[in-house]
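The values are calculated or read from the model by the stated rules, or taken from the named source; none is laboratory data. Keep in mind the model is a prediction, meaning the values are calculated, not measured. A quick note on method: Cβ atoms are made from the backbone with ideal geometry, for glycine too, and the neighbour counts reach across all protein chains shown. Note: areas computed on protein heavy atoms with side chains; ligands, DNA, RNA excluded. Shrake-Rupley method; radii C 1.70, N 1.55, O 1.52, S 1.80 Å.
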Amino acid sequence: MTSDGKYALVLGGGGANCSYQLGVWKALREKNIEINAVIGTSGGAINGAFIAQGDWDLAWEVWENLTLDKIVDIPKELFKNGRFKFSFKTLSKATEMSLLKNKGLDTTPFRQLLKKYVKESRIRRSGLDFGLVTYQINELKPLEIFIEDIDEGMLGDYILASASFPIFKRTEIGNKWFIDGGIYNNVPFSTAKERGYRNIIVVDVSRLGRVKEPDVSGTQTIYIKNSKSLGGVLNMNPANVGPFSTLGYLDTLKAFGDVSGMDYFLDADVKTVSVLDDILRSAALEKKFSKKFETENGPARSFAQAVRGILPKEKRTHWNIILVLAESAASSLNIENRKIWRFDDLIAVIWKKYSDIEAIETVFSEGHFRKFFSMLMKQTQKSLNKTERGLSPMMYDRAMTLMFGKSLNSIHIRAIEKYFPDLLPAKIFLSVLATYYGLPQQKG
């Protein structure tokens, strides 16, 4: 099959996290990306059906009101405030026997939901090639099936089969039993490729299930993966739909090159970035921070290489060091990272938040900080994680300066910079900004 500039959309499974895919869909619609096939596993099969029937509003309505009790009948011991509480402690003998007797949680509510919202006739008329993946228990083999091979009136059953999570009751179709397709392939890229598609968009929100390493040779593949953690696959919390879909939208724009960045989503002004890069490479900055730099392979060949050497490992190879340093500063100040930032706006907020912290003259909650710094020096990492309560790394750095005053030494500084690996890169970027704004240099 040829794509004629259109894309086959592959939607992976991920349970509650699949509301992320609504954001992907929104971005693709805004970009006028044409889709000629949708292939999904589990939650991806459900969203694939909504996309094939072309019903954005209906999909949003379903996800915005979805809780686990609308998917399965849950014994009261395992369900509380819309969340599935499953552990050996919560299992009573009666509940355990009920699950064993019924071979899993009853999916009758799920079947009724699909019957109400999935419009099979509309999907068949759409012209989109719709497929899904499930796993047949009787013969221990996968089933990759497309709508042309599904009998009229049976599409909902196959979607249910694809999304029958292992602790759910298995789905029966024609004396055969099926469970979640993620058992075989949670992100069915290979299904799309074997179908003959060469322009492929993959959306992967997987945590559980088997994900085959995609062989993208011979294809034009755009791979979209959630850049932030989404949580448990059974946490059907309607409050997550907005944030998850927003992240899907932003990750899609990044995948298509409309925004840049690693942890942030940046609309970067090339001119501003270039000016800051020139400042970074200046002799004044090199002199200010040269004693801080240590590289794993001996002396750095250049100042830029030295700066990369102190970045967290996962960020060292990024093509634009200014953007990485800016993100380090933003992260060290707890600046929001789930929106599109104009780069000039972001650096203005960075400087404002940093200036506000530097203006603090006394340490509030001194007992908390003393406990933190005591454990910091002892390097009790587990206790440190419990102690931190959402304050920014830059706030801790300022508190350390105020508390120790003249007794502050390199041991204190190295300890906090080791615990907060973005802190030293943040300080370098703030020195760059000080020069950019024509202001006195902040302390190193």
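In table form, for the structure just shown:
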{"read-out": "Flag for Val24 being assigned to a strand (DSSP E or B), surrounded by 24 or more Cβ atoms within 10 Å (Cβ to Cβ), modelled with pLDDT of 95 or more and within 19 Å of the chain's Cα centre (by Cα)", "value": "no"}
{"read-out": "The one condition in (1) farther than 29 Å from Leu430 by Cβ; (2) at pLDDT below 95 that Ala283 fails to fulfil", "value": "(1)"}
{"read-out": "Residue tally, condition in a helix (DSSP H, G or I) and either within 21 Å of Pro238 (Cβ to Cβ) or without any contact (Cβ under 8 Å) to a residue 60 or more places away in the chain (or both), over region 49-78", "value": "18"}
{"read-out": "Selection status of Arg414, basic (Lys, Arg), open to solvent by 10 Å² or more (accessible area, probe 1.4 Å) and under 15 Å from Glu358 (Cα atoms)", "value": "no"}
{"read-out": "All positions within region 259-297 that are in contact (Cβ under 8 Å) with a residue 24 or more places away in the chain, outside any strand (DSSP E or B) and open to solvent by 40 Å² or more (accessible area, probe 1.4 Å)", "value": "Met262, Asp263, Asp269, Val275, Ala284, Lys288, Lys292"}
{"read-out": "Count of region 226-245 residues which are under 11 Å from Leu22 (Cβ atoms), touching a helix residue (DSSP H, G or I) at 6+ places or on another chain (Cβ under 6 Å) and surrounded by fewer than 18 Cβ atoms within 10 Å (Cβ to Cβ)", "value": "0"}
{"read-out": "Selection count, region 27-41, where residues are open to solvent by less than 10 Å² (accessible area, probe 1.4 Å) and touching a Ser or Thr at 6+ places or on another chain (Cβ under 9 Å)", "value": "6"}
{"read-out": "Qualifying positions in region 136-164 - open to solvent by 30 Å² or more (accessible area, probe 1.4 Å) and not acidic (Asp, Glu)", "value": "Ile137, Asn138, Leu140, Lys141, Pro142, Leu143, Gly153, Met154, Tyr158"}
{"read-out": "Within region 333-355, considering residues that are in contact (Cβ under 8 Å) with a residue 12 or more places away in the chain and of a type in the set (Lys, Arg), the one surrounded by the fewest Cβ atoms within 10 Å (Cβ to Cβ)", "value": "Lys339"}
{"read-out": "Test result for Tyr184, open to solvent by 30 Å² or more (accessible area, probe 1.4 Å) and touching a Pro at 6+ places or on another chain (Cβ under 7 Å)", "value": "yes"}
{"read-out": "Condition met for Leu423 (over 14 Å from Lys288 (Cβ atoms), out of contact with any His (no Cβ under 8 Å at 6 or more places or on another chain) and either in contact (Cβ under 8 Å) with a residue 60 or more places away in the chain or of a type in the set (S, T, N, Q) (or both))", "value": "yes"}
{"read-out": "Any strands (runs of 3 or more DSSP E) falling wholly within region 113-231 and containing at least 3 residues that are within 16 Å of Gly12 (Cα to Cα)", "value": "129-136, 141-146, 199-204, 220-225"}
{"read-out": "Test set (1) open to solvent by 10 Å² or more (accessible area, probe 1.4 Å); (2) within 20 Å of Thr107 (Cβ to Cβ); (3) modelled with pLDDT of 95 or more - Lys76 fails condition number", "value": "(3)"}
{"read-out": "Residues of region 307-328 classified as of a type in the set (Val, Ile, Thr) and in a loop (DSSP other than H, G, I, E, B), total", "value": "2"}
{"read-out": "Ile167 vs. criteria surrounded by fewer than 23 Cβ atoms within 10 Å (Cβ to Cβ) and of a type in the set (A, V, I, L, M, F, W, C)", "value": "yes"}
{"read-out": "Output for region 250-260, where each listed residue is under 21 Å from Glu314 (Cα atoms) and out of contact with any strand residue (DSSP E or B) (no Cβ under 8 Å at 6 or more places or on another chain)", "value": "Gly257"}
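Yes/no per residue for (1) at negative phi; (2) at pLDDT below 95; (3) of a type in the set (Lys, Arg):
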residue	(1), (2), (3)
Thr2	yes, yes, no
Asp57	yes, yes, no
Arg83	yes, yes, yes
Glu96	yes, yes, no
Leu100	yes, yes, no
Leu105	yes, yes, no
Leu114	yes, no, no
